[in-house]
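The values are calculated or read from the model by the stated rules, or taken from the named source; none is laboratory data. Please read all numbers here as calculations on a predicted model, not as lab measurements. With ideal geometry, Cβ positions are generated from the backbone for all residues, glycine too; neighbour counts draw on all protein chains shown.
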Amino acid sequence: MLKGKTVIVGVTGGISAYKTADIVSRLNKLGANVWVVMTNAAKEFVSPLTFRTISKNPVITTLFGEELANSAVPHISLSQKADLIIVAPATANIIGKLAQGMADDALTTIIMSSVCPKIIAPAMNTKMWENPIVEENCSKLKTVGFNFCEPEVGLLACGDEGSGRMSEPKTIVERAVEFLTKKEKQKDDKKDLVGKKILVTAGGTQESIDPVRFIGNRSSGKMGYAIAKAAADRGAQVVLISANSNQTAPLNTTLIYADSSQAMYEEVMKHRHDNNVIIMAAAVADYQPKIQFFQKLKKDEDEFSLDLKKTKDILEELGKSKNGTYLVGFALESDNLIENAKEKLIKKNLDMIVANEPSAFGDDYSEISIVDKNDRIEHFCKAKKEDLAHRILDRIFIS
């Protein structure tokens, strides 16, 4: 799968370095030409000989070594032929150095001189990972194009339990394969959804209280718009029903506005039978005011009570009579993510559900889990919503 691809794997000084041997092994088995670059601290955890044996290439530990002696400018020659750089584990130290543009050893110099995609797999104590300085450094790297395979929650080597465990080697390699095969897919200009009709909903509905005020949510519509764009780019005929969002309408899609839950319900029901797939990515309000005031309410009282009633459950209504339509829902949960997503999938008779957390609201990136009706669960590390949109479509039409 990765024959002809060159991957540089950077190893820094963390206990998770022993897992990196598995990453190198997996990449090697997929046919990649793997070069390992180690910091001095990394050598305290794993011997360079281990990586040399697995990768079948010299291990770079210094800019002045003999590993690339035949090259005029060793670190430049290696970085120029790299198709991907992975840093795993990535400590707070290496993240900070990269965020500041430092290049004081072999690894940072190679990264700074390379224009290929880069995947950072952090691993550190929970308190370090949650430190505002580390968070700021990560945000800075994301802004300039670094891709993160976010750490997992679990028992850490120090005995603490929380977020900070490096993502599993299998997950990191899957992410690497996505990057390394993406260009080939783009070259093919894949139009694998020609002839398919897809209905996508997006954005957050607003339920009017009076002409000025409303009940709403923080949905930006970015994920729904990304799915609509991805489907259209792959040749599908797309109807995008959008609640409130400031996103630009994707090319080659039919855009219909529906600002409230009732308007969304009416438009979805109107178009439901014309599509092979319905993807309900919109954040539809669960409740609406019992009474809508037609004049602006005055701020006369110290307290004000507002009676609410449930809105129509569009997803549940669709699930009652799918008639062969593949139905996809979204579950945004603040706790028990997978369990609640499974419950929603069964209750509403869905074929697939995409689960994520509130942190995805308004962000260009998201971390999702996909659960289908066969109880297959797939987790995708934090990535651009445009990339995740393609992964969602792949699971619908390819898996």
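I'd like to check something: does the range 354-373 contain any residue that is without any contact (Cβ under 8 Å) to a residue 40 or more places away in the chain and over 17 Å from Ala281 (Cα atoms)?
Yes - at least one qualifying residue is present in the range 354-373.
Quick check on the range 282-292. Is at least one of its residues farther than 22 Å from Leu240 by Cβ and in contact with a helix residue (DSSP H, G or I) (Cβ under 8 Å, 6 or more places away or on another chain)? Steps first, answer last, please.
Restricting attention to the range 282-292, the residues satisfying the condition of being farther than 22 Å from Leu240 by Cβ are 286-292.
Still in the running and in contact with a helix residue (DSSP H, G or I) (Cβ under 8 Å, 6 or more places away or on another chain): 288.
Scanning the range 282-292 turns up at least one residue that is farther than 22 Å from Leu240 by Cβ and in contact with a helix residue (DSSP H, G or I) (Cβ under 8 Å, 6 or more places away or on another chain).
Just checking, which of Gln288, Gln247 is in contact with a Leu (Cβ under 8 Å, 6 or more places away or on another chain) and not β-branched (Val, Ile, Thr)? Walk me through how you get there before you give the answer.
Details: Gln247 fails: in contact with a Leu (Cβ under 8 Å, 6 or more places away or on another chain).
Just one listed residue meets the conditions, Gln288.
Within the range 15-87, considering only helices (runs of 4 or more DSSP H) that don't extend past its boundaries, which have at least 1 residues that are hydrophobic (A, V, I, L, M, F, W, C) and modelled with pLDDT of 90 or more? Steps first, please.
Details: elements: 17-29, 48-55, 74-81.
Result: 17-29, 48-55.
State the number of residues belonging to the range 315-351 that are of a type in the set (A, V, I, L, M, F, W, C) and either farther than 11 Å from Ile278 by Cα or outside the structural domain of Ile370 (by TED's automatic domain parsing) (or both). Let's see the steps before the verdict.
First pass over the range 315-351, keeping only residues of a type in the set (A, V, I, L, M, F, W, C): 315, 318, 327-328, 330-332, 337-338, 341, 345-346, 350.
With the extra rule that they be either farther than 11 Å from Ile278 by Cα or outside the structural domain of Ile370 (by TED's automatic domain parsing) (or both), the set shrinks to 330-332, 337-338, 341, 345-346.
Residues that pass the stated criteria total 8.
Given the condition assigned by TED's automatic domain parsing to the domain that holds Ile370, part of a loop (DSSP other than H, G, I, E, B) and either crowded, with 19+ Cβ neighbours inside 10 Å or in contact (Cβ under 8 Å) with a residue 12 or more places away in the chain (or both), answer yes or no: does some residue in the range 297-304 qualify? Let's see the steps before the verdict.
From the range 297-304, those assigned by TED's automatic domain parsing to the domain that holds Ile370 are 297-304; that's our starting set.
Imposing the further condition that a residue be part of a loop (DSSP other than H, G, I, E, B) reduces the set to 297-304.
When the remaining residues are screened for being either crowded, with 19+ Cβ neighbours inside 10 Å or in contact (Cβ under 8 Å) with a residue 12 or more places away in the chain (or both), the result is 297.
The answer is yes, given that some residue of the range 297-304 is assigned by TED's automatic domain parsing to the domain that holds Ile370, part of a loop (DSSP other than H, G, I, E, B) and either crowded, with 19+ Cβ neighbours inside 10 Å or in contact (Cβ under 8 Å) with a residue 12 or more places away in the chain (or both).
Tell me the residue from Gln292, Gln237 that is out of contact with any Phe, Trp or Tyr (no Cβ under 7 Å at 6 or more places or on another chain) and within 18 Å of Ile209 (Cα to Cα), please.
On the way: Gln237 fails: within 18 Å of Ile209 (Cα to Cα).
The match here is Gln292.
Could you check the range 279-296 and list, in sequence order, the residues that are β-branched (Val, Ile, Thr) and either within 14 Å of Ala263 (Cα to Cα) or assigned to a strand (DSSP E or B) (or both)? Break it down stepwise before answering.
Here is the first cut: in the range 279-296, the ones β-branched (Val, Ile, Thr) are 279, 284, 291.
Correct list: Ile279, Val284.
Quick one: how many residues across the range 343-384 are closer than 21 Å to Lys197 by Cα and among the charged types (D, E, K, R)? Quick ask: steps written out before the conclusion?
Taking the range 343-384 as the starting set, the residues that turn out to be closer than 21 Å to Lys197 by Cα are 349-354, 372.
If we keep only those that are among the charged types (D, E, K, R) as well, we get 351, 372.
Here the count works out to 2.
From the list Leu337, Leu332, pick out the single residue that is surrounded by 13 or more Cβ atoms within 10 Å (Cβ to Cβ), within 20 Å of Ile241 (Cα to Cα) and modelled with pLDDT under 90. Break it down stepwise before answering.
Details: Leu337 fails: within 20 Å of Ile241 (Cα to Cα).
Matching residue, one of Leu337, Leu332: Leu332.
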